[in-house]
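Notes to accompany the following structure.
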Amino acid sequence: MPLPDETKEDALAQASSEWDGEEVDALVRDLEAELAAEASRNGKVKKGLLELEFRDPRHFTWVLVAFASMGGLLSGLDQSVISGANLYLPRDLGLDTRQNSLVNAAMPLGAVGGALILSPSNELFGRWWSIIISCILYTIGAALEAGSINYGMIIAARVILGLGVGLEGGTVPVYVAETVERRIRGNLVSLYQFNIALGEVLGYAVAAMFLRLPGNWRYILGSSLVFSTLMLAGMLFLPESPRFLMHKGRVLEAYAVWKRIRGVETREAREEFFVMRQSVLHERRVAAESAVHKGMPWLDFFTVPRARRALVYANVMILLGQLTGVNAIMYYMSVLMHQIGFDDEKANYMSLVGGGSLLLGTIPAIFLMERYGRRFWANVMLPGFLIGLVVIGASYQISPERNLRAAEATYLVGLILYMAFFGCYACLTWVVPSEVYPTYLRSYGMTTSSALLFLASFVVTYNFSAMQDAMTPTGLALGFYGGIALVGWVYQLLFMPETKDKTLEEIDLLFRQPTAKIVAENMRNLGQGLHDFFTVGKWKSKGAAGQPTLRSHMSNKIQDDN
């Protein structure tokens with residue numbers, strides 16, 4: 001996994017202060033000489049399969065922008081197209097309610113497997129081959145979905161598709177982050193998250209496009225073939241991540257790729273390549289020195305309090321997002337619209353309302369989350385979608401037979417509130433885990449978080465119909481999903497520390513504190529976030545809401561107890 005942006009920026013500052021420009025230039029000269037020698041012996045150094053190259057390397061960024069967009073669109077599309085198919089697929093294949101629940105849940109179940117193979121695949125094959133493999137899985141899965149003739153075939157297709165979703169979803173952001181220049185790295189990774197939401201809206205739109213065709217669900221589910229084929233073709237023009245090549249000790253190949261996609265004419269590009277090499281060496285040293293269990297470092301999650309706190313904290317954030325039912329609502333959107341009185345055709349069209357709300361909700365998070373901080377953002381957004389769940393639950397108490405417009409209007413208001421606020425909150429899903437794990441455990445932690453996310457999605461989606469029958473629609477939306485959101489809000493107020501504007505070293509110190517001390521700090525500063533929200537001008541002069549800055553305490557030793 002890549003280092004967070006703040007770590008790379010710290011490393012760049014360190015390069016400027018500890019290593020003079022001559023040392024950076026000497027590395028580049030040596031590699032240029034090796035490159036020339038290699039070219040004279042073998043003709044050229046491999047830089048990629050089709051070796052797309054621009055006269056100005058900076059233009060390569062636009063290719064990465066398009067690629068990140070395509071990856072996000074594909075992931076989001078495949079997660080939402082099942083909603084439109086749900087109205088027709090069960091009837092054509094003769095599925096009962098329980099069988100159709102597994103059809104919906106088979107993709108997140110497959111994605112658990114994709115998340116579990118994420119680290120080994122990235123380590124053994126690299127980012128480039130992992131994305132190629134995920135595109136192939138996408139293509140096979142979508143083709144089998146479109147041609148399914150029975151229950152077993154559609155389940156197999158959905159699981160294969162899920163493997164692609166789990167593998168691609170964790171690899172593309174890493175690939176982009178390791179390839180583009182640091183100034184726009186955060187924006188492009190955020191763009192990927194935005195395009196997932198855009199792809200989900202596109203999935204509902206695709207369902208509406210094919211609505212009146214015979215066998216419409218086959219076209220709906222098979223539509224992702226277009227995007228997976230385009231993405232697979234585009235990958236042939238792209239190189240392996242230079243940071244992965246450096247990680248594997250293939251320094252000359254890493255330099256050849258870097259020269260192709262970033263250039264070495266500017267001082268900043270040369271220094272960043274130098275720092276990339278130094279940071280890889282540093283990570284190896286940290287992994288060798290920090291792990292308590294040298295052979296199986298993942299055991300540190302159970303035996304080292306600092307690592308255990310990060311594991312619990314990151315994964316509670318994952319569970320809070322998934323167990324409030326967002327994926328179940330997204331997969332069953334058309335069915336839910338049908339339940340409150342819309343006919344099949346209108347139910348498909350109205351699904352765009354929920355998807356569009358989710359998409360629009362991600363926009364404020366992209367621009368404002370860094371300004372207000374993770375803790376403040378989470379604790380403001382979560383009550384918002386809790387209110388949405390309350391309104392959705394209340395809408396089921398209005399009889400569609402007696403007052404159809406009131407039932408539909410109330411449900412749509414609740415859905416818009418829920419999806420919009422959840423879109424804002426969901427951006428924390430990957431931000432929090434990516435910055436709280438110790439460096440030497442980050443790949444293990446992210447694999448765990450990815451697998452848990454999809455596992456929770458599977459559990460919620462598979463049991464959605466049965467839970468509606470057992471609890472009633474109001475009981476499920478208001479009692480179960482709303483209850484989890486309420487418990488989660490209390491948890492966040494008490495246990496969620498602020499990591500905004502903190503370096504990895506400061507976050508490490510933060511999680512070395514006993515949990516009781518973190519809770520005490522949060523309680524003392526509970527009103528600080530709201531105060532800062534209304535006094536924006538003072539924001540930057542203070543520590544983030546809910547947790548004081550640790551910069552002044554960097555020299556203090558914090559006892560690490562249970």
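Readers should treat all values here as calculations from the given coordinates under stated rules, not as data from a laboratory. Everything numeric here is computed off the predicted structure, so don't read it as measured data. Positions of Cβ are generated from backbone atoms using ideal geometry, with glycine treated the same way; all protein chains shown enter the neighbour counts.
Things to note:
- Violating pairs (Cα-Cα greater than 31 angstrom) within the set LYS259/LYS294; LYS248/LYS517; LYS248/LYS502: LYS259/LYS294; LYS248/LYS517
- Spin-label proximity, ILE387 to the stretch 325-342 - amide N less than 20 Å from point 7 Å beyond Cα toward beta carbon: 325-326
- Projecting the Cα atoms of VAL312, PHE302, ILE329 onto the charge dipole of the stretch 227-379, computed from C-beta unit charges around the Cα centre, puts PHE302 farthest toward the positive end.
- Applying 0.36 nm per residue to the separation of VAL519 and TRP298 and subtracting their alpha-carbon distance, the gain on full extension is 76.9 nm.
- The stretch 358-476: C-alpha gyration tensor shape, a/c 1.5 cut-off, then a/b vs b/c: oblate
- Net charge dipole, the stretch 156-306: roughly 120 debye, given to the nearest 20, about the Cα centre with Cβ charges of +1 for Lys and Arg and -1 for Asp and Glu.
- The share of Cα pairs per 10 Å bin across the stretch 301-422, counted from zero up to the longest distance, runs 12, 37, 28, 15, 6, 2 percent.
- With only Cα atoms counted, the stretch 114-217 has Rg and Dmax values of 16.1, 50 Å.
- Residue-normalised convex hull volume from the C-alpha trace of the stretch 244-362: 216 Å³ per residue.
- Within the shell defined by Cβ-Cβ distances under 14 Å, the residues around GLU289 carry a net charge of 0, with Lys and Arg each +1 and Asp and Glu each -1.
- Normalised per residue, the volume of the convex hull around the Cα set of the stretch 295-355 (Å³): 104 Å³
- What the phi angles of the stretch 391-405 give under the Karplus curve with 6.51, -1.76 and 1.60, with θ = phi - 60°, is a coupling list of 5, 4, x, 5, 4, 6, 7, 9, 6, x, 5, 8, 8, 4, 5 Hz, glycine and proline written as x.
- Inter-probe distance in nm under a simple model that places probes 7 Å from Cα toward Cβ, at ASP96 and LEU232: 3.7 nm
- Potential lengthening of the chain between ALA33 and ASP469 amounts to 149.9 nm, from the contour at 0.36 nm per residue minus the alpha-carbon distance.
- Once the convex hull of all Cα atoms in the stretch 65-119 is built, its volume per residue stands at 84 Å³.
- Judged by the ratio a/c of the largest to the smallest principal axis of the C-alpha gyration tensor, the stretch 187-328 counts as oblate, that ratio being 1.5 or greater while a/b is no larger than b/c.
- Summing charges over neighbours of LEU89, with a neighbour being any other residue whose Cβ is under 12 Å away from its Cβ, gives +1 when K and R count +1 and D and E count -1.
- Relative contact order of the stretch 393-496, taken over Cα pairs closer than 8 Å and 6 or more residues apart, is 32 percent.
- Overall form of the stretch 439-527 per C-alpha gyration tensor (a/c, 1.5; a/b vs b/c): oblate
- Here the Kirkwood formula, the inverse mean of 1/r across different C-alpha pairs, assigns the stretch 93-175 a hydrodynamic radius of 12.8 Å.
- The phi-based Karplus calculation (6.51 cos²θ - 1.76 cosθ + 1.60; θ = phi - 60°) puts the 3J(HN,Hα) values of the stretch 208-222 at 5, 5, 9, 4, 9, 7, x, x, 4, 5, 5, 5, 4, 6, x Hz, whole numbers, x for Gly and Pro.
- Percentage relative contact order, the stretch 67-214, counting C-alpha pairs under 8 Å, at least six apart: 45 percent
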